[in-house]
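Novice: Below is a structure I'd like to ask you about.
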Amino acid sequence: MKYTPVQNYINGKFVDPSGSRKIDLISPLDGNLLSTVPLSPAGDLDTAVKAAKAAFPSWSRMPIKERVQVFFRYKTLLERDMKELALLCSEENGKTYNESVAEIEKCIELTEFATSLPQLITGEVLEVSKGVECRTEQVPLGVVASIVPFNFPAMVPNWTIPNALALGNCMILKPSEKVPLSCARLALLLKEAGLPDGVFNIVNGDSEIVNAICDHPGIEAVSFVGSTKVAKIVYQRATQHLKRALALGGAKNHLMVLPDAKTDMTAQNVAASMSGCAGQRCMAASAMVAVGDVDHIIAKICEEVKKIIPGENLGAVINKESQQRIESYITQAEKDGARILVDGRNTVVKGKEKGTYVGPTVIDHVTPDMSVAKEEIFGPVISILRTKTVDEALAIENANPYGNAASVFTQNGGIARYIIDHASAGMIGVNVGVPVPREPFSFGGWNESKFGVGDITGKSSIGFWTKIKKSTTKWNPEAGVNWMS
């Protein structure tokens with residue numbers, strides 16, 4: 001075992017869980033044992049909430065200009081330790097080192113945004129009557145929780161940590177039990193940056209802790225990122241207990257490719273979108289809708305995909321179960337009559353035979369009723385559906401229940417605008433394969449890809465992590481009283 005057993009992080013210290021349940025943490029890269037992960041009982045969450053509640057009064061009363069100084073230092077520490085953090089991310093998740101570096105760079109960008117929050121929550125003030133002043137200010141909620149997935153061990157936690165804490169809340173983080181090492185390392189960096197004990201806490205576990213977070217009366221708000229099935233459960237359970245909830249689910253993102261698209265640029269973007277992070281991201285291109293005659297572009301896509309080599313510039317999928325599930329989708333599509341242009345099944349990387357790899361896969365002549373066309377595969381697989389018109393392509397995109405992203409590849413600005421206006425998705429790309437907005441623009445989808453109001457990052461997140469306090473003051477009795485005072 002390469003690392004010591006994973007522990008919870010409560011009140012500024014790593015502590016053992018009170019229970020004995022645990023699972024092995026296996027690296028997808030090579031199948032080696034990294035550590036063991038505790039599956040904490042609900043009582044450990046109580047301990048963490050008590051620590052956060054105790055820390056909240058002093059942290060929330062600190063002026064935000066002082067709170068964000070922690071995140072200026074945290075940003076510097078992320079930059080200092082980028083190589084170490086990227087290696088750890090790659091080791092526990094399976095993505096390539098370069099993808100992990102990009103993930104830490106995104107963490108830095110998210111933290112930069114948090115340092116700008118004092119300029120974004122200045123509040124409003126107005127003299128509404130002679131000598132009578134109304135004022136609004138954003139105040140923190142209290143103890144909040146963030147439940148994060150395996151596919152971005154560092155970035156998704158940083159979707160919530162900097163903003164929620166800089167705005168004055170205290171947090172309980174529940175990492176994925178598949179990738180807990182990066183979150184633990186982030187906790188150490190936050191402490192080194194000067195974050196007071198108890199403001200940030202980690203409780204490791206499985207569904208028992210997720211349910212306990214949704215039910216706990218001491219937690220005011222819950223964010224979740226994961227599958228749509230679980231996102232619905234978390235949203236319903238948390239709101240049933242009168243909490244704020246924002247739950248991000250899965251996706252089935254469509255790239256619409258028109259004959260006038262730039263061949264090389266389109267092929268490179270499509271290949272990168274469907275295979276980046278081994279396809280294990282909710283913004284990956286999962287389906288391509290070929291509008292008209294684009295066979296020349298499909299041929300070029302296959303050329304680009306064949307340059308993506310497992311174990312070199314393509315990482316592993318998270319575990320054996322995922323590997324088998326992804327390959328079963330490919331096999332079923334073949335049985336259903338689709339044509340496999342590039343086949344990534346049965347991939348073995350020399351020297352890493354116990355790693356869990358799926359090669360990039362391109363499936364053509366997919367029909368809308370096939371499972372590969374409808375369901376989130378979460379692997380380096382793209383399904384090509386064919387249509388004659390843009391409206392037919394939009395009908396396919398809008399018929400899918402998800403709504404994270406959609407993209408169009410064309411040189412026609414009018415068609416691009418038409419698709420932006422008519423695609424039922426929260427994030428749209430034009431000649432962009434992964435249309436993730438950069439800060440301060442927020443991340444968030446529509447439909448079955450998101451449950452709750454607002455987005456999880458950017459300026460939109462301020463409304464989720466704070467509540468508005470309104471005050472009306474009058475200091476001049478000589479002004480008399482009217483209907484506004």
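Novice: Out of GLY359, GLY414, I need the residue that is assigned to a helix (DSSP H, G or I) and more than 27 Å from ASP455 (Cα to Cα). Which one? Explain how you work it out, then say what you get.
Specialist: On the way: GLY359 fails: assigned to a helix (DSSP H, G or I).
Only one candidate passes the filter, namely GLY414.
Novice: Looking only at segment 18-66, which residues are basic (Lys, Arg) and either closer than 15 Å to ASP206 by Cα or touching a Ser or Thr at 6+ places or on another chain (Cβ under 7 Å) (or both)? Show your work before the answer.
Specialist: Narrowing segment 18-66 to residues basic (Lys, Arg): 21-22, 50, 53, 61, 65.
Selection gives ARG21, LYS22.
Novice: Now for a separate question. Just to check your reading of the model, which residue among ALA251, ALA267, ALA287 is among the small types (Gly, Ala, Ser), touching a His at 6+ places or on another chain (Cβ under 9 Å) and either buried (at least 24 other Cβ atoms within 10 Å of the Cβ) or over 29 Å from PRO5 (Cβ atoms) (or both)? Break it down stepwise before answering.
Specialist: On the way: ALA251 fails: touching a His at 6+ places or on another chain (Cβ under 9 Å); ALA267 fails: touching a His at 6+ places or on another chain (Cβ under 9 Å).
Checking each option against the conditions leaves just ALA287.
Novice: When only residues in segment 191-210 that are in contact (Cβ under 8 Å) with a residue 12 or more places away in the chain and among the small types (Gly, Ala, Ser) count, which is farthest from LEU78 (Cα to Cα)?
Specialist: Step one: of segment 191-210, the residues in contact (Cβ under 8 Å) with a residue 12 or more places away in the chain are 191-206, 208-210.
Retained after the next criterion (residues that are among the small types (Gly, Ala, Ser)): 193-194, 198, 205.
On the way: ALA193: 10, GLY194: 14, GLY198: 21, GLY205: 26 Å.
Filtering first and then ranking leaves GLY205.
Novice: For segment 375-396, enumerate the residues that are in contact (Cβ under 8 Å) with a residue 12 or more places away in the chain and farther than 30 Å from ALA316 by Cβ. Reasoning before the result, please.
Specialist: Taking segment 375-396 as the starting set, the residues that turn out to be in contact (Cβ under 8 Å) with a residue 12 or more places away in the chain are 375-390, 392-394, 396.
Listed by number, the residues that qualify are ARG386, THR387, LYS388, THR389, VAL390, GLU392, ALA393, LEU394, ILE396.
Novice: I'm told LYS178 meets every condition in (1) in contact with a strand residue (DSSP E or B) (Cβ under 7 Å, 6 or more places away or on another chain); (2) over 19 Å from ILE10 (Cβ atoms); (3) charged (D, E, K, R) except one. Can you identify the failing condition by its number?
Specialist: All conditions pass for LYS178, except number (1).
Novice: Which of the residues spanning segment 432-450 are surrounded by fewer than 21 Cβ atoms within 10 Å (Cβ to Cβ) and under 28 Å from GLY123 (Cα atoms)?
Specialist: PRO437, ARG438, GLU439, PRO440, PHE441, SER442
Novice: Hey, another quick one. Mind checking which residues of segment 1-33 are part of a loop (DSSP other than H, G, I, E, B), among the hydrophobic types (A, V, I, L, M, F, W, C) and buried (at least 20 other Cβ atoms within 10 Å of the Cβ)? Explain how you work it out, then say what you get.
Specialist: The first filter runs over segment 1-33 and keeps only residues part of a loop (DSSP other than H, G, I, E, B), leaving 1-7, 11-12, 16-21, 27-32.
From what is left, the residues that are among the hydrophobic types (A, V, I, L, M, F, W, C) are 1, 6, 29.
Passing the criteria: VAL6, LEU29.
Novice: Something else: How many residues does segment 183-206 hold that are among the small types (Gly, Ala, Ser) and either surrounded by fewer than 18 Cβ atoms within 10 Å (Cβ to Cβ) or outside any helix (DSSP H, G or I) (or both)? Even if it seems obvious, please write down each step before you answer.
Specialist: First, pick out the residues of segment 183-206 that are among the small types (Gly, Ala, Ser): 184, 187, 193-194, 198, 205.
With the extra rule that they be either surrounded by fewer than 18 Cβ atoms within 10 Å (Cβ to Cβ) or outside any helix (DSSP H, G or I) (or both), the set shrinks to 193-194, 198, 205.
Count: 4.
Novice: Looking at (1) farther than 25 Å from ASP391 by Cβ; (2) touching a strand residue (DSSP E or B) at 6+ places or on another chain (Cβ under 8 Å); (3) of a type in the set (Val, Ile, Thr), which one does ILE233 not meet, given that it meets all the others?
Specialist: ILE233 satisfies every listed condition except (2).
Novice: Has segment 208-221 got at least one residue that is touching a Gly at 6+ places or on another chain (Cβ under 7 Å), surrounded by 16 or more Cβ atoms within 10 Å (Cβ to Cβ) and assigned to a helix (DSSP H, G or I)? Give the derivation first.
Specialist: Quick first cut of segment 208-221, residues touching a Gly at 6+ places or on another chain (Cβ under 7 Å) only: 220.
Within this subset, residues satisfying the condition of being surrounded by 16 or more Cβ atoms within 10 Å (Cβ to Cβ) are 220.
Narrowing further to those that are assigned to a helix (DSSP H, G or I): none.
No, every residue in segment 208-221 fails to be touching a Gly at 6+ places or on another chain (Cβ under 7 Å), surrounded by 16 or more Cβ atoms within 10 Å (Cβ to Cβ) and assigned to a helix (DSSP H, G or I).
Novice: Residues to consider are GLY414, GLY454, GLY429; find the one that is among the small types (Gly, Ala, Ser), touching a Gly at 6+ places or on another chain (Cβ under 9 Å) and either surrounded by fewer than 21 Cβ atoms within 10 Å (Cβ to Cβ) or under 30 Å from ALA245 (Cα atoms) (or both). So that I can check it myself, show each step before the final result.
Specialist: Working: GLY414 fails: touching a Gly at 6+ places or on another chain (Cβ under 9 Å); GLY429 fails: touching a Gly at 6+ places or on another chain (Cβ under 9 Å).
After ruling out the rest, the residue left standing is GLY454.
Novice: So, one more: Here are some residues: ILE415, ILE456, ILE462. Which one is aliphatic (A, V, I, L, M) and in the same structural domain as ILE363 (by TED's automatic domain parsing)?
Specialist: Numbers: ILE456 fails: in the same structural domain as ILE363 (by TED's automatic domain parsing); ILE462 fails: in the same structural domain as ILE363 (by TED's automatic domain parsing).
Testing whether each residue is aliphatic (A, V, I, L, M) and in the same structural domain as ILE363 (by TED's automatic domain parsing) leaves just ILE415.
Novice: Among the helices (runs of 4 or more DSSP H) lying completely within segment 34-124, list those that include at least 1 residues that are modelled with pLDDT of 95 or more and more than 30 Å from ASP24 (Cβ to Cβ).
Specialist: Numbers: elements: 42-61, 64-80, 82-93, 97-115.
So the answer is 42-61, 64-80, 97-115.
The values are calculated or read from the model by the stated rules, or taken from the named source; none is laboratory data. No experiment lies behind these values; they were computed from the predicted model shown. All Cβ positions, even for glycine, are placed from backbone atoms using ideal geometry, and neighbour counts span all protein chains on display.
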